[in-house]
Amino acid sequence: MGGGPDGFAVDIDALRLAAGTLRDSAESLRQQALRVDDHRFGVGNDEAGRNYSIPGMTVHRGFERLAGWLRDWGSSSAVTAAGLDTAAAEYVRNDRERAGRTGG
């Protein structure tokens, strides 16, 4: 496994890569939420058909819920990415601090 005396190591580059991937995903989810939210199906138009305004509004509310879920998922991804970035920085800081104490 590598690493210290206990055979455990943290791959800082992999943490940073994962954080970057999550940030990209968060941005994509944010953009898709905007696209879904901008869809005005069934709101003051005849896309659902003149005799289907109530089902059209039901579809619209479904789009609103979907956009909310995408926003939540994107926010969670961004927060997780920030946590991984913080963890990577802390691992590096701790490693430098301990190396300084041991003269290595």
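FYI, it's all coordinate maths here, none of it is from the lab. All figures in this text were calculated on a predicted structure; none of them were measured in a lab. Neighbour counts run over all protein chains shown; Cβ positions are idealised from the backbone, glycine included.
Checking every one of the chymotrypsin sites (Phe, Trp or Tyr not before Pro) in the range 33-73 against DSSP loop status and a limit of 13 other Cβ atoms within 10 Å picks out Phe41. Positive contributions from Lys and Arg (+1) and negative ones from Asp and Glu (-1), summed over other residues with Cβ under 15 Å from the Cβ of Ser75, come out at -1.
Based on the Cβ-Cβ distance of Gln32 and Ala89, what FRET efficiency does E = 1/(1 + (r/R0)^6) give at R0 = 30 Å, to the nearest 0.05? In this case the efficiency is close to 0.50. The Cβ shell under 11 Å around His39 holds other residues with a net charge of -2, Lys and Arg each +1, Asp and Glu each -1. Considering only Ala81, Met57, Asn94, and ranking their Cα positions along the charge dipole of the range 12-102 that arises from unit charges at the beta-carbon of Lys, Arg, Asp and Glu, the one farthest toward the positive end is Asn94.
Across the chain, the relative contact order, built from alpha-carbon pairs under 8 Å that are at least six residues apart, equals 36 percent. In this entry, the chain is assigned a mean projected area of 8.7 nm², taken as a quarter of its C-alpha convex hull surface. If only the Cβ of Lys and Arg carry +1 and only the Cβ of Asp and Glu carry -1, the dipole of the chain around its Cα centre is close to 180 debye. Counting Lys and Arg as +1 and Asp and Glu as -1 over every other residue whose Cβ lies under 13 Å from the Cβ of Phe63, the net charge comes to +1.
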